[in-house]
Amino acid sequence: MPRERVAMRKIREILRLVWNCNQSRRDTAKTCGVGKSTVDDTISRAIAAGLSWPLELDDEALEKRLYPPIQPPSARKLSQPDWQSLHDEITRHKHLTLMLLWQEYKEGDPSGYQYSQFCERYRQWRKTLDRSMRQEHRAGDKFFVDYSGSTLDIVNAATGEIRAAEIFVGVMGNSNLTYAETTWTQGLADWIGSHVRAFGYLGAVPRCLVPDNLRSGVTKACRYEPDLNRTYAELADHYGTAIIPARVRRPKDKAKVEGGVLIAQRFILAGLRHRTFFSLAEANAAIRQRLELLNNRPFRKLPGCRRSRFEELDRPAMLPLPDQPYQFAEWMKARVHIDYHVDVDKHFYSVPHRLVGEQLDVRYTGTTVECLYKGNRVAAHARSFLPGKHTTLPEHMPRAHREYAEWTPQRIIAWAAQTGTATADVVEQILSRKAYPEHGFRSCMGVISLGKRFSKERLEAACRRALAIRGVNYKSIKSILENNLDLKPLPRQLELLPVSHENIRGTHYYNDERISHADPADH
């Protein structure tokens, strides 16, 4: 049976973690939320395709290289390797790989299994074993992170209001060096910010992170295949580290951080119990002092302290900090509307018009908005916080609407006219207010869609009232319908009069003559 394919984004992450971060395949499987057999299959396919890191292929080319047409299986009977001997070899030698064992196997039996089947059959045989995995903490390897169950009270000096702050705790697996700080929430922004500051405190980057199944870090908790939050995964990529979430209901997976949490509660919080804090900065300054005492306190049964063991063992084996710290970014999915814009926090950003109807991945920070389609960036804008406004690049607009001629201002006005003249007037006024008529398409379609919910007769009456009271917008018309104001007669002084204004272009503005006079190069 052919293996189910995984998303190209996960395939790239698998190859990065194994080839660039030197992570084991089992840890890579946990990080990417896939089975280890999927990791084995992906690596074997990449090796067979002659790939190496970094990848220089786009998603489509990568998929063709990894998944060529399936050849019919051979009917001949193959000799079985001595799986027990092979397993003993792997257990005995830390750096031994299945690839080397397979090469030795093929030298003795050139007609034997190919690499992918060799790995698959070894995996099936290993399932019959009943052995528990012993947890190891190699130098510079794992940094365990979690939130303490306890909170720290912060007092508002102006109002006296008391607000509880969360406590983030991180512990290095080998040296037990501990980091702690307070944040207002356990939300994604605070979670990511705590990691960035923790790396700065350590002065280096651990080779992998072990979080609990916190919602900010793991979007879908699962014992075997947790799904990582995309921003958290991007932070790991920025620092070149890996993420291995602790398994659900497996406290031994995070024993280090549980111990660190207990120490933070007993040594840090208990030591600060008589102090009152009026800001996060003040609280974190006090916590930093307690951390220095904790990390420099001599061990009882071992020579040295947390700090000395960290400097001696962990730091030399850790990754260097990048030149710039990670800038917090959020991800979302957005479908491109007929006006070739996507909605990001109530502001509309343009993308190439050919992507109308497609779903994009949107990455946005406090300063930028990036739109990606199938892994490729198709648009980038400066972030705007003006609700209801548009940011449009001229190169994203269709030339004379040739590709999407059915969505023209003239067509939308004619569509509205099927409901009535007042509805057509409303649509025309909405379009006339925009720098580009296309910016009004979304509002116009919203007005027209009200006819399906409330009937065309009621929509026409509501538009007459909106024109009379000069409330020509989608929200105003919707409010009229929801409050049944369209069913009441208009007062005499509000009876509809012909509307004329210099900013109203009129239907002649949208006729075909406008297109016929366009630059011939645009046709």
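The values are calculated or read from the model by the stated rules, or taken from the named source; none is laboratory data. For clarity, every value in this text was computed on a predicted model and none was experimentally measured. Only protein heavy atoms, including side chains, enter the accessible area calculation; ligands, DNA and RNA are left aside. Shrake-Rupley method; radii C 1.70, N 1.55, O 1.52, S 1.80 Å.
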Accessible area, probe 1.4 Å, largest first, for residues L291, L372
L372, L291
Distance from region 168-189 to region 292-366 (C-alpha centre basis), Å:
15 Å
Once ligands and nucleic acids are excluded and a 1.4 Å probe is used, how much of V336 is accessible, expressed in Å² to the nearest 10?
10 Å²
Three principal axis extents, largest first, for the C-alpha atoms of region 138-215, in Å?
49, 24, 20
Long-range HN-HN contacts of L319 with modeled amide H, under 5 Å:
V205, R207
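Which entries of K36/K64; K10/K374; K374/K434; K36/K374; K36/K127; K389/K456 have Cα-Cα distances beyond 20 Å here? The partial results should precede the final answer.
On the way: K36/K64 22 Å; K10/K374 13 Å; K374/K434 31 Å; K36/K374 25 Å; K36/K127 12 Å; K389/K456 29 Å.
Over 20 Å apart, Cα to Cα: K36/K64; K374/K434; K36/K374; K389/K456.
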Might you work out the accessible area of D361 for me, using a 1.4 Å probe with all protein chains in place, and round it to the nearest 10 Å²?
30 Å²
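Against the globular-protein guess of 2.2 N^0.38 Å, express the Cα radius of gyration of region 284-385 as a ratio, rounded to two decimals. Please report the intermediate quantities before stating the final value.
Values: Rg = 23.5 Å, N = 102, 2.2 N^0.38 = 12.8 Å.
In units of the globular-protein estimate, region 284-385 measures up at 1.84.
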Amide H neighbours of I243 under 5 Å, at least 5 residues apart or on other chains, H built in the peptide plane: list them.
L209
Using only alpha-carbon positions, what ratio does the radius of gyration of region 348-479 give when scaled by 2.2 N^0.38 Å?
1.19
